[in-house]
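Down below is the structure, laid out as structure tokens.
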Amino acid sequence: MMLLAAIDWHSVFFLIFALVACGFAIAVVVTSNIVRMAFYLTLSLGATSGLFFLAGAEFVGAMQLLIYVGGTLVLLIFGVMLTAQARFVSMATSGGEWVLASILGAALLGLLLQAGFSIKAWNSPRADLASLTLAEGKTSTPIGLALSGVRVDRLDEPNELLRRGMSGYLLPFVIVSMHLLVVLIGAGYMARTKRLGAGMAWPQAIAAPPRDRRRSFAVTGGLVSGIVVNLLLGMVCLVYWLSPVAAAEEKVAAQGLLGWVNDFLQPAAGWLCPVLGALFLANVLLLVVTYFWQRWGVVGLVLVPLAQAIAIGNSGLSSTVAMVFLILALAPVALLIVLMCSGPRPTMWEQME
Amino acid sequence: VARFFNEEVLNRIASVFGSSVLPDSWMGYVLAALIHIFLLINVVAVGALIFIWMERKIAGRIQDRLGPTRVGGKFGWLQTLADGVKLIAKEDITPKDADALLFKLAPYVSFAASFTAYMALPFANGWAAQEINVAVFFIIAVLGLEVFGVILAGYASGSKWSLFGAMREAAQVVSYEVPIGLCVVVPVLIIGSMNLVTIGEAQAGLFTNWLIFHDPFTFCVFWVFFTCAVASVNRAPFDLAEAESELVAGFHTEYSGLRWSFFFMAEYGSMFLVSGLAAILFFGGWNGPIPIFHMLGWAYEQGETNWRVLGYLAQVAGVMNFILKATVGVTVMMWVRWTLPRLRIDQVMTTCLKYCVPLASICFVGAMLWKLYEVPFINDVAPLHNRTLAEVRENWVLETPDDDIAAPADTKAAPAPTPAHTTHHSPLTSATNAAFASQEVAQ
């Protein structure tokens, strides 16, 4: 009884979880049956998450369960699917592989051991061990907030230089997630072409476009006038940007219409004009694309005014201006789409690629 | 009572053997753990006993039969026990082609996953075996592991029926984890915490405070959540893994006796678990529709540790509330099972990827915008409505010792919604808040 009372139960649980993790990790290597391997791997990873829970890092522990143990699940499914033909197939490991793998594993283990034992604080028990308690709560909140752009742990940092990292990990997080999204879409697309193409990777590009397409006069007129208007607007924006009138010192001096424009654009940021001009020119390109029977041109025509309105709204002008611009810019696009979808069959929209 | 019993009775007994069961001794620790485990395993085991009987009765009524009527009296309420005795008496068979080790382990894996998730499930304010800071996340993570047992069973049985069932189950569960995660995020987003106790307590007050009535999007997302929950616990109409009309009995074709019953316990355990999760996330958990115990001042505040008789009564009533709500959820699942035909596998996938995921995403964005702009809703004018939600997160951002440091940091780092929340509430909300406060003072 006294012996049991003297045991440090935290350490005991640590040892249990650690032994389970290591033991089943070895079992993964030794087993030759792929499904059993996956099962042992699950137990090993689950024990690792137990270690995290023991350390009070509940968020990381649950993450380990969800990602690693859940990921192994998929591995297991693939293991079953790929070996389902000849069941319980054994994956015999050749001698050379054993040698290579042991060298690699031993090197990694040596590195980790050396690194672990070289840290002083990890070698000797802390003096204030009795006064320590498990971290309570608030473990995941700082991580989540840092990912969304706030480092709560640095809010009360008095040093101005150290507070620079306040913005957190929002940018890396978004970059990584966009990267993953691209990979996902790419994988889906590749799987799709293979199935559709029946030998040809680009069936649509190779197929000859139909000759007898017809387009109503109204649509042609709309497209051409749209090209002209957008070209003019884009040129005006760019010229205004490049002209000396727009320079900050001389804004007050200009009179008449130019003066009014200057007054109107006073609160706007300097980048607004070139961005608007570039987007107007992009609109010209999209109209040309639409003229040559591509549907994505129409999609772009809808998106460009949206982008312009967002730019206006963010540049310092009032959101009312952005809304008025959006309505004015989207109205002709809407009219164009209505024209393209109406009329005698086949409509223009149906003929497009 | 528990402390008195512990200190005066158990400790006297223990001191005869020269040990102690006080809270800080190892025996007390082990005792507490054992009691937790005992209570939880009874929730699963006795719960399964009752739910199986209920399922028979409900199925009978829906099919215009009586269901069990004889075993144990008028309503046949001992039917499950008789079934249990029969199952224990059956021979435990392992097929010749089976992978014996995995075949024997699979039911326990399934059951353990379902049972482990109960560790984080609170039954009343603070009454959880382990109050985990990220309980929602933990439960979702562990619940996904139940399928492991099913796949192992399907593979290790050495039977084609079982393998088919397991493969279907794998595809289904892996797909439905996506919408279920999206649905669960919505209450977490509104409350600002992943702690289930906090989420439940934030919905105290009149039933208009329940998150399902928070805005139209949470109302929609609950139904998506429930659909996905039914699919993730492998119940009809999503029970393709054991489609008995095509696959004999699916993944448990080769199982018999007690091992087979473990799968059933796991299934009913998971049903109760997801229903309880739905009750906490959307239906106020252990808070009744009318906050009687809060009005009387009996209920515990969150984090309160001293023991009070009236507080204990309030807690027990809370447990009743919670179990009632979860049981209603389980009953609806049974009702659905005996009403709808089974879906085909492609229909299951279509439901998930083409309906549930987009719906959940739209509701997620909608609830976020609703929260961001503090849009008033009908229940704002309801009496006893206090919108004290999302305090956790905002306190975190504004929790600074020095104001002149905090001011620039806030404007720079905190995104626009954070100051907006704290500075201006809609006049309607503050008025009702004031009304709530004055009522409390009056009482």
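General remarks:
- Qualifying residue in region A:265-272 (condition: open to solvent by less than 80 Å² (accessible area, probe 1.4 Å), under 28 Å from residue A:337 (Cβ atoms) and at pLDDT 80 or above): yes
- Hey, residue B:228 away from chain A (no Cβ under 12 Å) and farther than 27 Å from residue A:76 by Cα or not: no
- Here residue B:346 meets each of (1) out of contact with any Leu (no Cβ under 7 Å at 6 or more places or on another chain); (2) surrounded by fewer than 21 Cβ atoms within 10 Å (Cβ to Cβ); (3) over 28 Å from residue B:115 (Cα atoms); (4) touching a residue at least 40 places away in the same chain (Cβ under 8 Å) with one exception, condition (4).
- Members of region B:143-156 found to be within 20 Å of the chain's Cα centre (by Cα) and within 8 Å of another protein chain (Cβ to nearest Cβ), listed by number: B:144, B:145, B:147, B:148
- Residues located in region A:10-55, provided they are among the hydroxyl-bearing types (Ser, Thr, Tyr) and in a helix (DSSP H, G or I): A:11, A:40, A:42, A:44, A:48, A:49
- Subset of region B:157-170 that is more than 8 Å from chain A (Cβ to nearest Cβ) and not acidic (Asp, Glu) - its residue that is farthest from residue B:96 (Cα to Cα): B:168
- Residues of region B:102-112 that are open to solvent by 20 Å² or more (accessible area, probe 1.4 Å) and not aromatic (Phe, Trp, Tyr): B:104, B:105, B:109, B:112.
- Filtered residues of region B:107-142 (kept if more than 8 Å from chain A (Cβ to nearest Cβ) and either more than 25 Å from residue B:178 (Cα to Cα) or at pLDDT below 85 (or both)): B:107, B:108, B:123, B:124, B:125, B:126, B:127, B:128, B:129, B:130, B:131
- Screening residue B:30 against (1) open to solvent by less than 60 Å² (accessible area, probe 1.4 Å); (2) part of a helix (DSSP H, G or I); (3) at pLDDT 80 or above leaves a single unmet condition, (3).
- Among the residues here, residue A:203 qualifies as at pLDDT below 55 and surrounded by 11 or more Cβ atoms within 10 Å (Cβ to Cβ).
- Just one of (1) in a helix (DSSP H, G or I); (2) surrounded by fewer than 20 Cβ atoms within 10 Å (Cβ to Cβ); (3) within 13 Å of another protein chain (Cβ to nearest Cβ) fails for residue A:65. It is (2).
- Of all residues in region B:128-143, those that are open to solvent by less than 10 Å² (accessible area, probe 1.4 Å) and small (Gly, Ala, Ser) total 2.
Quick grid of which residues meet (1) under 21 Å from residue A:217 (Cα atoms); (2) more than 30 Å from the chain's Cα centre (by Cα); (3) open to solvent by 20 Å² or more (accessible area, probe 1.4 Å):
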residue: A:297; (1), (2), (3): yes, no, no
residue: A:300; (1), (2), (3): no, no, no
residue: A:306; (1), (2), (3): no, no, yes
residue: A:311; (1), (2), (3): no, no, no
residue: A:316; (1), (2), (3): no, no, yes
residue: A:334; (1), (2), (3): yes, yes, yes
residue: A:337; (1), (2), (3): yes, yes, yes
residue: A:346; (1), (2), (3): yes, yes, yes
residue: A:349; (1), (2), (3): yes, yes, yes
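- Selection within region B:189-225 - within 30 Å of residue B:150 (Cα to Cα), open to solvent by less than 30 Å² (accessible area, probe 1.4 Å) and out of contact with any Cys (no Cβ under 6 Å at 6 or more places or on another chain): B:195, B:196, B:222
- Selection of region B:45-101 for residues being open to solvent by less than 80 Å² (accessible area, probe 1.4 Å) and within 14 Å of chain A (Cβ to nearest Cβ) yields B:95, B:98, B:99, B:100, B:101.
- Exactly one residue out of B:213, B:226 is aromatic (Phe, Trp, Tyr) and farther than 28 Å from residue B:350 by Cβ, and it is B:213.
The values are calculated or read from the model by the stated rules, or taken from the named source; none is laboratory data. Please read these numbers as outputs of a predicted model, since none were measured by experiment. All Cβ positions, even for glycine, are placed from backbone atoms using ideal geometry, and neighbour counts span all protein chains on display. Heavy atoms of the whole protein, side chains included, go into the accessibility calculation; ligands, DNA and RNA do not. Shrake-Rupley method; radii C 1.70, N 1.55, O 1.52, S 1.80 Å.
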